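Reviewing the structure listed below.
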Amino acid sequence: MPIASFAAMYGRVIGVTVLGVGGHAVTVEAHVGRGLPSLILTGLPGAAVQDARDRIRPAVEASGFEWPLRRVVVNLSPGTLRKEGPGLDLPVATVVLAATAQVPSKLLDRYVLAGELSLKGELISTPGILSVAIAAARGGMEGVIVPSANAAEASQIEGLRVVAAASLAEVAGFLRGTWEPPVVEAEDGPAEEGSAVDFSEIRGQAQARRALEVAAAGGHNVLMIGSPGAGKTMLARRLATILPPLSREEALEATQLHSVAGLLSGRGMLTSRPFRSPHHSLSVAGLLGGGSGFLRPGEVSLAHRGVLFLDELTEFRRDALEGLRQPLEDGRVVITRALGSIEFPSRFTLVAAANPCPCGFAGDSKRVCRCGDARREQYSGKMSGPLLDRVDIRLTIPRLTKHELLGEDPGESSASIRERVCAARERQRRRYEGIGVACNAHLPGPFARRITVMSSEAQSLLAQAVETFALTGRGFDRAIKVSQTIADLCGAQVVEAEYLAEALSYRGTAPQDEGLADAG
Amino acid sequence: MPAESDVPSGWPTGFSDGEENRQAVALLLGLAGLLPRKLHALAHDVGTAAGCVAAVRAGRAGSQADRRYAADTDAAAVLDATHAMGARLVACGEQEYPPDLEDLADPPVGLFVKGRPLWAITPRVAIVGARRCTALGKEVATELGRGSAGAGVAVVSGAAAGIDSASHRGALAGRGDTIAVLGCGLDVVYPPGNAELLAKMAEAGALVSEYPPGTRPMPFHFPARNRIVVALAEALVVVEGAERSGSLISVEHALDLGRSVFAVPGPVTSPLSAAPLRLIREGATMIRGSADLLEDLGYGRAYSVAPPPHGLDEAERVVFEVVDGSVLPETIAASTGLSVPEAVAVLIRLELAGLVRSVGGRFERRLAASPQALEATEA
């Protein structure tokens, strides 16, 4: 269809840019006027959007449309907002088609368009579509036009029509009314899918299994110290399977983060709690989020509502570990850039694992530690600090003998452990209703001391422990919180001495009474 | 110069007499290249300490570095530095110089000493073992130190980490005597964490070194230091040591010097039992604690078996009974019919009562609560 050659033509399309996890509506306008053939983007396009300039024309022409050989100005507003991500390819291409009357404009103020284009005009999988859909629903739009690869996530939002198109040509067909999009079935919420791992696979390590149950029940972070091969990774991986099932809101939050990071790969919704286990060579931006240009959520956010496992804790960069303090305390990461700051949620359970010393054999009954004092000193220095203050449960994982391994029955299944965990969480939810605390781990220390009801026997045991185990103030608070969780698991109103005694077994003893001493 | 084997023991009469010779001794102790054995032979050749220094200066003994050191060092300043930190030089031939050292083929020509006079700290027993020891080994060494020193037998050791420090600490806790032989100058704190222990020993016992003030610890100082530890004592006790442990070198010295050798056994599965178990097989006397040691040395007698712990409730008693070796909580749970959390709770109460300890995720009895624990009653 040849383009009419009268003076000026105008079009308007609505897109969404994703900053952090939030989608922000962007009005995309095009003006096609006199001048040398060119495409000019105005309105604070980020690097990825600027990039689109050279991609749009081939995509339009490959889809069988004509590119106007005139001066095309595309404006993105509001102009104060930096536009990031490749999702604006489709709106920019469509607005040019609309301005040149190659597609009708009548649906364009009711639908949000998003998606990245290939040079052949195909719509390819684009990160952040869930956030786009949420923004569209919030803006009262009728529907979204998105790549088919992302249809499943977009369909999670109720009352929003999802037009899943595979190419720019199909989008044009839909706008002209000549192509009917396939019906996208809204998936059910976070239907529980069978997890790949289960607690019943663990033989032995009864104390560690129990400790992880307590950790799950109270939302406590865990540190595991043990020789290489003792089973730390195996245990950590299974913690996610006994946490309470994801609620729909939690699943939506977590899915949104994974969508923004481009990790959804066609799935609609996360169905189980994420388990992230980044390698210790990870950069600070990789762990906490950030990067240049497009800000990507870090591992702490990808583990949102799930488990973040840091194996070989001492090998992580010091600044990365220091940076964990904010997500551990506030459940979010704030990244500040010249143009403002964005925020990623990051409420996760931390499981950290480390060898007892650089060689890994301190405290081992069968091997001799060969580390020098200076190295051990330096090593335990890395394990201290603000990070460990937030870890309530510290475990030593013993290396089992063959005899001990074979003698053990397979453990309980994740499902039956999870039932107890859920019951304990429910008790906490009722107790802390209205004070903004979800679980025992998040209780501020002084508050925990005040509201925890202890039997007199437990109180005298605690006094004795302060003396004998040289508990610090923080160690004291941790013991109280963990004993409260054990009481919740037992369905008890009062913390009995035996709950407290068990909690004290998670206080973390150093191999050979030295080195990794209580950091609090 | 006579062949080394022909060198008589002891030092020539008048070797360190007079201020000039005393200063010469202080200087000779700073020579890294002139080994004690060579110096001892030279002493018998030349007759006086000043003569030895002259030989070094003339290039007839020691290394080039020794020659430079002898030329550049002001011996009076070494003595001043020694006095400044409250220490003294004990030269061979002086009254405080321990005669036991003359049993060595390579006796030190003098010692820097801080603390009480050495002749007042007798009898003595040496307790040595692994630096990287187990919690049990540490406890055994502490008990040995406390029991021996409490019964009036001073503890000599090397102030290293692990067994050495534990035996010194035990001796101090038993309000007894202890001597630390250092592999560095008396003013150098090594290992770094031991400052407080060293200060206490300088007050209650004595610190000894053959190295002048300011000498940094060098790897070869420690084997040399060990010969003095052994020579000062009438018996040597090895607590824990791996295969090829440094303690075995101390045992060689003890055999050369005619000192008795004792060893405390440990589990055959523990790598740190290798040295003591080998020694016991080769004829060292097995001891279970200070009571055995004191009896064998003739400083103590009667035994009474430690009473079983009292004041335990039923659950604690049952659990305590099955803590046998180094056991997992689930093993205890299985043999008592308790759940794992219940067993852990009882174990923590026992730990608070000082009867068990947790090591590497397992529980074991503490020494005082072990069935082998014997209490020495003073002779």
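Kindly provide the set of residues from the stretch A:44-97 that are within 21 Å of A:L19 (Cβ to Cβ), of a type outside the set (K, R) and in a strand (DSSP E or B), ordered by number.
A:P45, A:V74, A:N75, A:L76, A:S77
Give the number of residues within the stretch A:457-489 that are surrounded by 16 or more Cβ atoms within 10 Å (Cβ to Cβ) and in a helix (DSSP H, G or I).
20
To keep it simple, each residue is scored yes or no on (1) at pLDDT below 95; (2) hydrophobic (A, V, I, L, M, F, W, C); (3) surrounded by fewer than 22 Cβ atoms within 10 Å (Cβ to Cβ).
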position	(1), (2), (3)
B:A171	yes, yes, no
B:V189	yes, yes, yes
B:A202	yes, yes, yes
B:P217	yes, no, yes
B:A233	no, yes, no
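Could you go through the stretch A:474-482 and let me know if any residue there is at pLDDT 95 or above, within 31 Å of the chain's Cα centre (by Cα) and within 14 Å of chain B (Cβ to nearest Cβ).
Scanning the stretch A:474-482 turns up at least one residue that is at pLDDT 95 or above, within 31 Å of the chain's Cα centre (by Cα) and within 14 Å of chain B (Cβ to nearest Cβ).
Which residues, counting only those in the stretch B:12-57, are touching a Pro at 6+ places or on another chain (Cβ under 8 Å) and not in a loop (DSSP other than H, G, I, E, B)?
Across the stretch B:12-57, the qualifying residues are B:A26, B:P36, B:H40, B:A41, B:A43, B:H44, B:D45.
Restricting to the stretch A:399-421, and then to whatever is within 14 Å of chain B (Cβ to nearest Cβ) and part of a helix (DSSP H, G or I), can you tell me which residue is modelled with the lowest pLDDT?
Looking only at the stretch A:399-421, we keep the residues that are within 14 Å of chain B (Cβ to nearest Cβ), and these are A:399-412, A:417, A:420.
Those still in the list that are part of a helix (DSSP H, G or I) too: A:402-407, A:417, A:420.
On the way: A:K402: 78, A:H403: 78, A:E404: 78, A:L405: 76, A:L406: 73, A:G407: 66, A:I417: 94, A:R420: 95.
Taking the candidates together, the pick is A:G407.
Only residues that are crowded, with 19+ Cβ neighbours inside 10 Å, touching a Pro at 6+ places or on another chain (Cβ under 9 Å), more than 7 Å from chain A (Cβ to nearest Cβ) and farther than 18 Å from A:Y499 by Cα: list them for the stretch B:306-350, please.
B:F320, the sole residue that qualifies.
Going through the stretch A:433-456 one residue at a time, which ones are exposed (fewer than 14 other Cβ atoms within 10 Å of the Cβ) and either within 14 Å of chain B (Cβ to nearest Cβ) or in contact with an Asp or Glu (Cβ under 7 Å, 6 or more places away or on another chain) (or both)?
Result: no residue meets the conditions.
Out of the strands (runs of 3 or more DSSP E) lying entirely within the stretch A:314-398, which hold 3 or more residues that are aliphatic (A, V, I, L, M) and either in contact with a strand residue (DSSP E or B) (Cβ under 7 Å, 6 or more places away or on another chain) or away from every other protein chain (no Cβ under 14 Å) (or both)?
Working: elements: A:332-337, A:340-345, A:349-354, A:393-397.
In the stretch A:314-398, the matching strands (runs of 3 or more DSSP E) lie at A:332-337, A:349-354, A:393-397.
When residues of the stretch B:178-187 are filtered for being in contact (Cβ under 8 Å) with a residue 60 or more places away in the chain and surrounded by 24 or more Cβ atoms within 10 Å (Cβ to Cβ), how many remain?
So the answer is 2.
Would it be correct to say that A:A424 is modelled with pLDDT of 85 or more, surrounded by 20 or more Cβ atoms within 10 Å (Cβ to Cβ), assigned to a helix (DSSP H, G or I) and within 14 Å of chain B (Cβ to nearest Cβ)?
Yes, satisfied.
Go through (1) within 25 Å of B:L277 (Cα to Cα); (2) more than 14 Å from chain A (Cβ to nearest Cβ); (3) touching a residue at least 40 places away in the same chain (Cβ under 8 Å) and name the single condition B:P213 misses.
Unmet condition: (1).
Determine whether A:A492 is crowded, with 22+ Cβ neighbours inside 10 Å, within 13 Å of chain B (Cβ to nearest Cβ) and out of contact with any Cys (no Cβ under 6 Å at 6 or more places or on another chain).
Judged against the criteria, A:A492 is not a match.
So which residues in the stretch A:265-297 are under 28 Å from A:A353 (Cβ atoms), touching a Pro at 6+ places or on another chain (Cβ under 9 Å) and part of a loop (DSSP other than H, G, I, E, B), if there are any at all?
Passing the criteria: A:L270, A:T271, A:S272, A:R273.
How many residues are in a loop (DSSP other than H, G, I, E, B) and closer than 22 Å to B:Y299 by Cα when one looks only at the stretch B:94-116? Show your work before the answer.
Here is the first cut: in the stretch B:94-116, the ones in a loop (DSSP other than H, G, I, E, B) are B:94-98, B:104-109, B:116.
Next, only the ones that are closer than 22 Å to B:Y299 by Cα stay: B:98.
Residues flagged as in a loop (DSSP other than H, G, I, E, B) and closer than 22 Å to B:Y299 by Cα within the stretch B:94-116 amount to 1.
Filter the stretch B:260-273 down to residues that are under 19 Å from the mean Cα position of the chain (by Cα) and free of Cβ contacts under 8 Å to residues at least 40 places away in the same chain and give me whichever is nearest to the other protein chains (Cβ to nearest Cβ).
B:S273
From the list B:S9, B:S5, exactly one residue is modelled with pLDDT under 90, polar (S, T, N, Q) and assigned to a helix (DSSP H, G or I). Which is it?
Only one candidate qualifies: B:S5.
Which condition from (1) part of a loop (DSSP other than H, G, I, E, B); (2) touching a residue at least 40 places away in the same chain (Cβ under 8 Å); (3) not aliphatic (A, V, I, L, M) is the one that B:R60 breaks?
All conditions pass for B:R60, except number (2).
I'd like to verify a number: residues in the stretch A:42-73 that are in contact with a helix residue (DSSP H, G or I) (Cβ under 6 Å, 6 or more places away or on another chain) and under 24 Å from A:A338 (Cβ atoms), how many?
3
Please go through the stretch A:267-317 and pick out each residue that is touching a helix residue (DSSP H, G or I) at 6+ places or on another chain (Cβ under 7 Å), among the hydrophobic types (A, V, I, L, M, F, W, C) and farther than 19 Å from A:V21 by Cβ.
Those that are touching a helix residue (DSSP H, G or I) at 6+ places or on another chain (Cβ under 7 Å), among the hydrophobic types (A, V, I, L, M, F, W, C) and farther than 19 Å from A:V21 by Cβ: A:F275, A:L282, A:V284, A:V307, A:F309.
Tally up the residues in the stretch A:222-243 that are surrounded by fewer than 24 Cβ atoms within 10 Å (Cβ to Cβ) and within 14 Å of A:Y506 (Cβ to Cβ), please.
Of the residues in that region, 0 qualify.
Of the residues B:A154, B:A199, which single one is in contact with a Lys or Arg (Cβ under 7 Å, 6 or more places away or on another chain), among the hydrophobic types (A, V, I, L, M, F, W, C) and more than 13 Å from chain A (Cβ to nearest Cβ)?
B:A154
The values are calculated or read from the model by the stated rules, or taken from the named source; none is laboratory data. What you are looking at is a predicted structure, and each value in this text was computed from that prediction instead of being measured. Every residue, glycine among them, receives a Cβ derived from its backbone with ideal geometry; neighbour counts consider all protein chains shown.
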